[in-house]
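Comments concern the structure below.
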Amino acid sequence: MTVILAAGDYPKKTSKAYTLLESATRVVACDGAAKNYLNDFAREPDVVVGDLDSIDASTLSTFSNVFRIPDQDTNDLAKAIDFCRSKGWEDIVVLGASGKREDHAIANVFLALDKKVKLISDYGTFFPVDDELELDCRLGQPVSIFATDPDTRVTSEGLAWPLDNHKFTTLYSATLNRTNAEKLRLKTDRPILVYIAL
């Protein structure tokens, strides 16, 4: 598994996110997140990717595998995902994509939908679903569903407030739900983004 470490909130040592960071096959750090990783693990990430505008030159010079991508049309997370895919690294999990700046967090969440990657924080997981999903879960586990296309239709099993061919009149119309079974099933006719709290 490839972990992309973004420069938002660094995972707490007691979290699932931190466990994934410890066990990663490789760590690709977005720009300034490289310093956080170095400070925590006393070793450099496998790769540093970004426009390199949020890391000082003296720190940057300590890293041996740096890829500067100056394009300002995409953020560092998009650059890192594209870099990983260009290397054939498809099993990608993103950590540190939220916190610190709400605008970055919102952009990164919807980037996850576009790029079809999983974002994991200390509190929960965002992941895209294209058609159907069946997931083991706990009773009462918080769940939110987002769709950027208002014509999206979603049907569910295992939610306290079931969705029956639900049409997304707003971006937030299927948020703040919870499970009422130990399996969650979703069926959608267009891509959606699901958040499930840990």
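The values are calculated or read from the model by the stated rules, or taken from the named source; none is laboratory data. Bear in mind that the values here come from a model prediction, so they are computed numbers and not experimental data. A quick note on method: Cβ atoms are made from the backbone with ideal geometry, for glycine too, and the neighbour counts reach across all protein chains shown. Note: accessible area is taken over every heavy atom of the protein model, side chains too, but ligands, DNA and RNA are not part of it. Shrake-Rupley method; radii C 1.70, N 1.55, O 1.52, S 1.80 Å.
Numbers below:
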| item | result |
| --- | --- |
| Extreme residue, most open to solvent (accessible area, probe 1.4 Å), among residues of region 28-52 that are touching a helix residue (DSSP H, G or I) at 6+ places or on another chain (Cβ under 6 Å) and in contact (Cβ under 8 Å) with a residue 24 or more places away in the chain | 35 |
| Set 192, 196: member being touching a residue at least 12 places away in the same chain (Cβ under 8 Å), surrounded by 18 or more Cβ atoms within 10 Å (Cβ to Cβ) and within 20 Å of residue 9 (Cβ to Cβ) | 196 |
| Residue ID - surrounded by the fewest Cβ atoms within 10 Å (Cβ to Cβ), chosen from residues in region 160-187 that are aliphatic (A, V, I, L, M) and assigned to a strand (DSSP E or B) | 176 |
| Residue that is of a type outside the set (S, T, N, Q), closer than 21 Å to residue 4 by Cβ and at pLDDT 95 or above, where the choices are 106, 120 | 120 |
| Some residue of region 149-159 being open to solvent by 70 Å² or more (accessible area, probe 1.4 Å), in a loop (DSSP other than H, G, I, E, B) and out of contact with any Ser or Thr (no Cβ under 9 Å at 6 or more places or on another chain) | yes |
| Residue that is modelled with the lowest pLDDT, among those in region 188-198 that are under 20 Å from residue 120 (Cα atoms) and not in a strand (DSSP E or B) | 198 |
| Subset of region 107-121 [among the polar types (S, T, N, Q) and over 19 Å from residue 171 (Cα atoms)] | 121 |
| Flag for residue 70 being more than 17 Å from the chain's Cα centre (by Cα) and within 13 Å of residue 5 (Cα to Cα) | no |
| Matching residues in region 136-148 - criterion: being of a type in the set (A, V, I, L, M) and either more than 13 Å from residue 192 (Cβ to Cβ) or open to solvent by 50 Å² or more (accessible area, probe 1.4 Å) (or both) | 139 |
| Matching option when the condition is surrounded by fewer than 20 Cβ atoms within 10 Å (Cβ to Cβ) and not in a strand (DSSP E or B), among 93, 109 | 109 |
| Residue 76 being open to solvent by 60 Å² or more (accessible area, probe 1.4 Å) and out of contact with any Pro (no Cβ under 8 Å at 6 or more places or on another chain) | no |
